[in-house]
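Asker: Pasting in a structure now, in structure tokens, and then I'll have a few things to ask.
The values are calculated or read from the model by the stated rules, or taken from the named source; none is laboratory data. Fair warning: this is a prediction, and the values are worked out from it, not measured in the lab. All Cβ positions, glycine included, derive from the backbone under ideal geometry; neighbour counts span all protein chains shown.
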């Protein structure tokens with residue numbers, strides 16, 4: 001019978017392991033990118049529009065810059081932005097959701113109406129406008145993305161806090177006069193903590209897409225190599241009319257797709273195992 | 001024979017849940033299949049409906065007329081038309097977005113029934129006007145009746161009722177069972193409540209650990225039962241009469257991978273000899289009945305002691321407590337002026353049906369809820385006006401045993417740290433904690449071995465979990481213990497054991513205990529005084545013995561009647 005086994009959690013499953021594998025490979029590439037010289041992907045190393053050849057596995061762009069270096073350096077730019085944004089958003093969402101869940105009623109109402117307003121705003125347009133007016137530095141983009149992405153997870157986490165607060169062991173702990181910090185650290189964290197993982201992964205996924213979109217539209221920093229920027233130059237140069245799309249446009253596109261896919265695989269796998277409602281449905 | 005089972009065996013990945021059961025149900029007969037949780041009765045019922053998970057394998061035969069049900073894959077025209085189910089928990093069994101009439105019509109179309117929806121409702125004792133109602137507009141009992149009507153839509157030859165009275169009040173339970181028994185349909189009722197079913201079933205089949213222990217006509221069961229497990233189940237059901245002893249079966253039902261050799265009940269049986277451990281008894285004829293036991297004596301089970309009501313100093317004094325729940329559209333008066341005293345060393349029962357306000361009162365005494373008006377004094381100190389640290393210091397003198405043993409223990413904490421939790425929050429010095437934790441664990445009737453203290457709640461049985469809850473409530477040396485429906489989710493065989501532990505604690509530690517329950521029988525058996533609550537008012541209070549023999553309020557008399565089976 002069930003009660004003979006100690007609780008053990010298998011967080012990922014096959015699907016999640018595949019995702020984690022892909023992500024690990026991309027992180028490896030990004031780490032390799034930090035070892036490259038500072039001007040990798042920016043310096044002029046070949047003839048403009050050079051096709052793939054010795055020393056240039058993916059050829060060069062219209063300014064003779066190494067496309068492979070751009071891809072590798074771009075991985076670091078994308079992932080670091082994604083993870084910083086995800087961390088900031090998760091913290092922000094946990095604070096807002098937690099305060100709305102256990103705080104007094106007026107605070108909860110204020111925070112949730114604010115969240116609703118944020119949810120109504122078209123986030124992509126907001127993001128593009130903000131980037132266009134506030135500048136494209138790394139810090140600005142992180143801040144804007146974190147401020148745009150917090151409302152959905154905040155709502156999810158508030159619901160989780162409310163459910164957790166009505167659980168039996170929390171009620172017993174409250175009845176025996178345990179202080180609030182004890183409830184939160186000993187009981188709340190166990191129930192809510194696991195939900196932060198899918199929030200983190202999903203936010204990272206959206207951050208990768210949004211950042212690439214911005215760079216593709218030419219609102220990123222055109223001199224800093226990133227996957228979106230490479231695609232922006234692809235678009236400006238009309239690369240799709242020549243056969244160069246194969247080594248110029250396809251690799252950054254595939255890189256974005258793979259990263260998002262890996263994060264999505266991890267996200268759904270973790271969520272299926274941690275979210276009680278989904279766990280019930282897939283049984 | 002309408003239904004005949006021959007050597008029906010169900011196993012999950014090599015573990016046998018139902019072991020070679022042979023049972024017949026005659027045309028028009030109502031057979032009750034009774035046993036504790038984990039005995040295989042639900043697996044058996046599901047096998048007859050083809051609702052087992054894919055991991056289960058079924059061998060043997062189960063014939064419903066000419067149709068073989070065991071191992072069938074094509075259930076079209078069988079489910080609903082030949083065999084139908086009355087599901088457990090009518091709260092969730094009905095669609096919340098369709099009217100009752102539409103749900104009945106759907107069932108009739110699906111299963112080709114010829115009745116009118118209104119006729120079906122009439123058969124289950126509901127007015128035709130309810131066709132236009134939604135599920136949330138009906139009471140629990142009415143919903144269960146609708147569920148029965150839905151099962152009747154396909155005019156099945158066999159009706160299977162899976163715990164049809166779970167979650168209903170005692171009085172409603174009897175009405176639903178009487179309705180089922182009066183339908184005249186061949187029926188298999190699966191339940192854990194042996195005593196409750198006896199007046200309504202024709203025959204009772206008692207099941208233990210996958211095997212039949214005893215099959216006997218219900219009319220003669222109370223007087224002539226021959227299997228020790230049947231005797232145990234009967235004595236474990238509290239009767240609202242202090243002269244009938246309330247006993248418990250020690251231990252708990254074995255897990256599927258730890259089934260004992262020989263008679264499976266032997267490890268818990270007071271009559272067990274070495275023969276029982278070696279040879280499994282066959283189901284043999286025994287007058288009008290069939291019994292699987294080597295013995296013919298009457299067993300004796302441990303009985304809950306009854307206190308002689310020693311009056312200590314008052315610990316709790318509740319005076320004139322009112323409580324209102326406000327929502328946007330309406331106000332609910334949960335408590336309308338309740339007074340209650342509890343003295344040291346006595347167990348007071350707070351009895352009432354769901355919605356009577358008993359849980360609200362318990363939460364007010366625990367300091368979890370602030371009453372709209374009224375006073376609550378714990379050991380002479382006012383509770384209701386306190387806030388923050390002062391409130392918490394008073395709360396630390398009250399122990400709380402939660403209703404749900406599966407939710408009340410943090411799943412990631414081990415027994416030792418669960419029980420020590422109140423010691424940590426009250427700031428007991430670290431060097432005293434281990435000793436006091438062990439003290440509380442043994443006072444709650446649990447083993448104080450290192451292996452046990454290192455277990456997680458997931459490795460404990462329901463009864464053990466509830467004892468861990470009690471140990472945790474005791475650890476900080478409270479003066480008052482509040483047990484909120486502490487036994488309601490446990491198997492009937494373990495309830496009396498918990499009640500015995502509470503009595504020992506009240507006598508030995510001079511603990512005041514408030515025992516909140518919906519079961520008047522349990523209250524009469526294990527408590528010194530009883531307070532009956534109905535829609536927020538105390539309708540009757542008095543000593544258990546007096547109240548049981550001469551109730552003064554008609555509502556109490558009604559509850560007593562429901563508890564006196």
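Asker: Does residue B:69 count as buried (at least 16 other Cβ atoms within 10 Å of the Cβ), farther than 30 Å from residue B:118 by Cβ, modelled with pLDDT of 85 or more and in contact with a helix residue (DSSP H, G or I) (Cβ under 8 Å, 6 or more places away or on another chain)?
Answerer: Judged against the criteria, residue B:69 is a match.
Asker: Okay, next question. Determine which member of the set A:88, A:175 is in contact with a helix residue (DSSP H, G or I) (Cβ under 6 Å, 6 or more places away or on another chain) and on the phi < 0 side of the Ramachandran plot.
Answerer: None of the others qualify; the one that does is A:88.
Asker: Can you name the residue in the range B:24-64 that is within 14 Å of chain A (Cβ to nearest Cβ) and not in a loop (DSSP other than H, G, I, E, B) and is also nearest to the chain's Cα centre (by Cα) among such residues?
Answerer: B:42
Asker: Another question, if that's okay. In this structure, is residue B:197 in the same structural domain as residue B:166 (by TED's automatic domain parsing) and in contact with a strand residue (DSSP E or B) (Cβ under 6 Å, 6 or more places away or on another chain)?
Answerer: yes
Asker: Now for a different question. Residue A:103 is checked against (1) farther than 25 Å from residue A:225 by Cα; (2) modelled with pLDDT of 90 or more and fails just one. What number does that condition carry?
Answerer: (2)
Asker: Which residue, of B:221, B:212, B:180, is in contact with a strand residue (DSSP E or B) (Cβ under 7 Å, 6 or more places away or on another chain) and assigned to a strand (DSSP E or B)?
Answerer: B:212
Asker: State whether the residues of the range A:272-279 include one that is at pLDDT 85 or above and surrounded by 17 or more Cβ atoms within 10 Å (Cβ to Cβ).
Answerer: Within the range A:272-279 (the criterion being at pLDDT 85 or above and surrounded by 17 or more Cβ atoms within 10 Å (Cβ to Cβ)), the answer is no, since none of the residues qualifies.
Asker: Looking at the range B:505-514, can you tell me whether even one residue there is more than 14 Å from chain A (Cβ to nearest Cβ), assigned to a strand (DSSP E or B) and at pLDDT 90 or above?
Answerer: yes
Asker: Could you please find all residues in the range A:101-121 being farther than 21 Å from residue A:163 by Cβ and in a loop (DSSP other than H, G, I, E, B)?
Answerer: If the condition is that a residue be farther than 21 Å from residue A:163 by Cβ and in a loop (DSSP other than H, G, I, E, B), then A:121 is the only one that fits.
Asker: Do the conditions hold for residue B:460, that is, is it in contact with a helix residue (DSSP H, G or I) (Cβ under 9 Å, 6 or more places away or on another chain), within 11 Å of chain A (Cβ to nearest Cβ) and over 25 Å from residue B:358 (Cβ atoms)?
Answerer: yes
Asker: Considering (1) assigned to a helix (DSSP H, G or I); (2) more than 14 Å from every other protein chain (Cβ to nearest Cβ); (3) touching a residue at least 24 places away in the same chain (Cβ under 8 Å), say which one residue A:130 fails and leave the rest.
Answerer: The single condition residue A:130 does not satisfy is (3).
Asker: Another question, then. Tally the residues that are under 20 Å from the mean Cα position of the chain (by Cα), under 30 Å from residue B:406 (Cβ atoms) and either surrounded by fewer than 13 Cβ atoms within 10 Å (Cβ to Cβ) or modelled with pLDDT under 80 (or both), restricting the search to the range A:1-56.
Answerer: Number satisfying all stated conditions: 2.
Asker: How many residues, within the range B:441-457, are assigned to a helix (DSSP H, G or I), crowded, with 17+ Cβ neighbours inside 10 Å and away from every other protein chain (no Cβ under 13 Å)?
Answerer: Here the count works out to 4.
Asker: Between B:287, B:262, B:307, which is in contact with a helix residue (DSSP H, G or I) (Cβ under 9 Å, 6 or more places away or on another chain), within 23 Å of residue B:522 (Cα to Cα) and not assigned by TED's automatic domain parsing to the domain that holds residue B:360?
Answerer: One residue alone meets the criteria, B:307.
Asker: Could you tell me how many of the residues in the range B:421-433 are within 12 Å of chain A (Cβ to nearest Cβ) and either touching a helix residue (DSSP H, G or I) at 6+ places or on another chain (Cβ under 8 Å) or in a helix (DSSP H, G or I) (or both)?
Answerer: 5
Asker: OK, next. Residue B:231 passes all but one of (1) modelled with pLDDT of 90 or more; (2) in a helix (DSSP H, G or I); (3) in contact with a strand residue (DSSP E or B) (Cβ under 8 Å, 6 or more places away or on another chain); which number fails?
Answerer: Unmet for residue B:231, out of (1) modelled with pLDDT of 90 or more; (2) in a helix (DSSP H, G or I); (3) in contact with a strand residue (DSSP E or B) (Cβ under 8 Å, 6 or more places away or on another chain): (3).
Asker: Further question: From the list A:111, A:170, A:183, A:195, exactly one residue is more than 14 Å from chain B (Cβ to nearest Cβ), on the phi < 0 side of the Ramachandran plot and at pLDDT 85 or above. Which is it?
Answerer: A:111 is the lone residue from the list that is more than 14 Å from chain B (Cβ to nearest Cβ), on the phi < 0 side of the Ramachandran plot and at pLDDT 85 or above.
Asker: In the range A:238-251, how many residues are at pLDDT below 85 and either under 20 Å from the mean Cα position of the chain (by Cα) or in a loop (DSSP other than H, G, I, E, B) (or both)?
Answerer: Total meeting the criteria: 4.
Asker: Would it be correct to say that residue B:201 is at pLDDT 90 or above and in a loop (DSSP other than H, G, I, E, B)?
Answerer: Taking the combined requirement at face value, the residue satisfies it.
Asker: In addition: Out of A:259, A:213, A:163, A:268, I need the residue that is in a helix (DSSP H, G or I), within 20 Å of the chain's Cα centre (by Cα) and either surrounded by 22 or more Cβ atoms within 10 Å (Cβ to Cβ) or within 14 Å of chain B (Cβ to nearest Cβ) (or both). Which one?
Answerer: Answer to the check: A:259.
Asker: For the range B:388-415, what are the residues that are surrounded by fewer than 18 Cβ atoms within 10 Å (Cβ to Cβ), more than 7 Å from every other protein chain (Cβ to nearest Cβ) and either within 14 Å of residue B:471 (Cα to Cα) or touching a helix residue (DSSP H, G or I) at 6+ places or on another chain (Cβ under 8 Å) (or both)?
Answerer: Residues satisfying the conditions are B:406, B:414.
Asker: Further question: Out of B:363, B:370, B:375, B:436, report the one residue that is assigned to a helix (DSSP H, G or I) and either away from chain A (no Cβ under 11 Å) or touching a helix residue (DSSP H, G or I) at 6+ places or on another chain (Cβ under 6 Å) (or both).
Answerer: Within the list B:363, B:370, B:375, B:436, the selection yields B:436.
Asker: Shifting gears a bit: Looking only at the range B:326-346, how many residues end up being more than 20 Å from residue B:399 (Cβ to Cβ) and in contact (Cβ under 8 Å) with a residue 24 or more places away in the chain?
Answerer: Final tally of qualifying residues: 7.
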